[in-house]
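A.B. asks: Following this message is one structure expressed as C-alpha cells.
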Amino acid sequence: MTLEEKLQHFYDHSMESASEARDKALTEYQAGLDKMFEEHKAMKKKEAREAVKNEKTALLRDLNKDLAVREIEIRHALAQKEEDVLNEIFAVVKDKLTAYRKTPDYVHYICRKIMIARKVSGTDHMVVYLDPTDAELLDQIAETTETHPVLDENGFGGGMRAVISSRHILIDNSFDTLFEDAREGFSFEGGAV
C-alpha cells in the first residue's frame with residue numbers, strides 16, 4: 001500500500017468516522033430537540049387545560065353571580081306582587097266588613113260575642129265597649145244582652161271589646177284587631193293553579 005493509498009484510506013476512514021460522529025451528534029441533538037418539543041407541548045397543553053379550567057371557573061362564577069342577582073330581582077318582584085295581591089284581597093275584605101256591619105247579622109254577632117264574654121266574666125264586673133259608629137245599635141244590643149255597653153272614645157272598626165278589670169282580661173273582638181291579625185297571619189301557600 002502506497003502512501004497515497006494510506007492517506008486515501010486514512011481520509012476515507014476519517015471521513016467515515018466524522019460522518020458517523022456527525023450522524024450520531026445530529027441524532028442525539030434531534031432526540032434532545034424532540035424531547036424538548038414534547039415537554040414543551042405537554043407544558044403548553046397543561047397551561048391550556050389550566051386556562052380553560054380557570055375560564056370555566058370564571059364563567060361559572062359570573063353565571064352564578066348573574067343568577068343570584070336575577071333571583072333577588074325575581075324574589076323582590078314576587079314579594080311586591082304578593083303585597084299587591086294581599087292589599088287587593090284585604091281591600092275586598094274591608095269592603096265586605098263594611099257591608100256586613102249594615103246587616104242584622106252584625107248585631108247578632110256582637111250580641112253573641114258579648115254573651116260569650118259574660119260567661120268568661122262570670123260574676124266579675126265587665127265593661128263592654130262598642131265602636132262609636134255603632135251608636136244607633138247601642139240600645140238594641142243593651143236590651144238583647146242585658147248589659148250596658150258604652151261607646152269607646154276611639155274607633156276600632158266595629159265588633160266589640162270587653163274589659164274584666166278585676167282579672168285583668170281584655171276580650172278584643174274588634175274588627176280592626178281581627179283584620180290585622182288575619183292580615184299578619186295570611187300567607188301565600190303553593191298549590192295547583
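A.B. asks: In the chain, which longest range has no chymotrypsin sites (Phe, Trp or Tyr not before Pro) that are both DSSP loop (not H, G, I, E or B) and surrounded by at most 16 other Cβ atoms within 10 Å?
C.D. replies: In short, 1-185.
A.B. asks: What whole-number value in Å² describes the accessible area per residue of the chain for a 1.4 Å probe?
C.D. replies: Averaged over the residues of the chain, the accessible area is 77 Å².
A.B. asks: Among A79, I164, F175, which residue has its Cα furthest toward the positive end of the charge dipole of the chain, with +1 on Lys/Arg Cβ and -1 on Asp/Glu Cβ?
C.D. replies: Of the candidates, I164 comes out farthest on the positive side.
A.B. asks: Further question: Using Cα-only point scatterers and the Debye equation, what is log10 of I(q)/I(0) for the chain at each q in 0.09, 0.12 Å⁻¹, rounded to two decimals?
C.D. replies: Cα-only, vacuum Debye calculation for the chain: -0.66, -0.83.
A.B. asks: Further, regarding this structure: Top mean-square fluctuation among T57, T98, T144, Gaussian network model of the chain, C-alpha springs under 10 Å?
C.D. replies: Largest GNM mean-square fluctuation: T57.
A.B. asks: Let's test this: bin the Cα-Cα distances of segment 1-44 at 5 Å from zero up to the farthest pair and state each bin's percent.
C.D. replies: Taking every Cα pair in segment 1-44, the percentages come to 7, 19, 15, 11, 12, 8, 9, 6, 6, 4, 3, 2, 0.
A.B. asks: Within the accessible area of segment 92-190, what % is carbon and sulfur when the probe is 1.4 Å and the other protein chains stay in place?
C.D. replies: Roughly 54 percent of what the probe reaches on segment 92-190 is carbon or sulfur.
A.B. asks: Work out which GluC sites (Glu not before Pro) in the chain are exposed loop sites (DSSP not H, G, I, E or B, at most 13 other Cβ within 10 Å) and give the longest gap free of them.
C.D. replies: Of all site-free stretches, the longest is 1-145.
A.B. asks: Also, I was wondering about something else. Mind putting together the pair-distance distribution for segment 100-192? All Cα pairs, 5 Å bins, whole percent per bin, short to long.
C.D. replies: 3, 13, 24, 23, 16, 9, 5, 3, 2, 1, 0
A.B. asks: All other residues with a Cβ under 9 Å from the Cβ of P132 taken together, and with Lys, Arg as +1 and Asp, Glu as -1, what is their net charge?
C.D. replies: Taking every Cβ under 9 Å from that of P132, the sum is -4.
A.B. asks: For segment 134-193, calculate the relative contact order in percent as a whole number, restricting contacts to Cα pairs under 8 Å that are 6 or more residues apart.
C.D. replies: Once normalised by length, the contact order is 22 percent.
A.B. asks: Expressed as a rounded percentage, what relative contact order does the chain have, with Cα pairs under 8 Å and six or more residues apart? If you can, show how the numbers build up before the last one.
C.D. replies: Working: 119 pairs, mean separation 26.4, N = 193.
Computed value for the chain: 14 percent relative contact order.
The values are calculated or read from the model by the stated rules, or taken from the named source; none is laboratory data. Remember, predicted model here, so these are calculated numbers, not experimental data. So basically every Cβ, Gly included, is an ideal-geometry build from the backbone, and we count neighbours across all protein chains shown. Note: accessible area is taken over every heavy atom of the protein model, side chains too, but ligands, DNA and RNA are not part of it. Shrake-Rupley method; radii C 1.70, N 1.55, O 1.52, S 1.80 Å.
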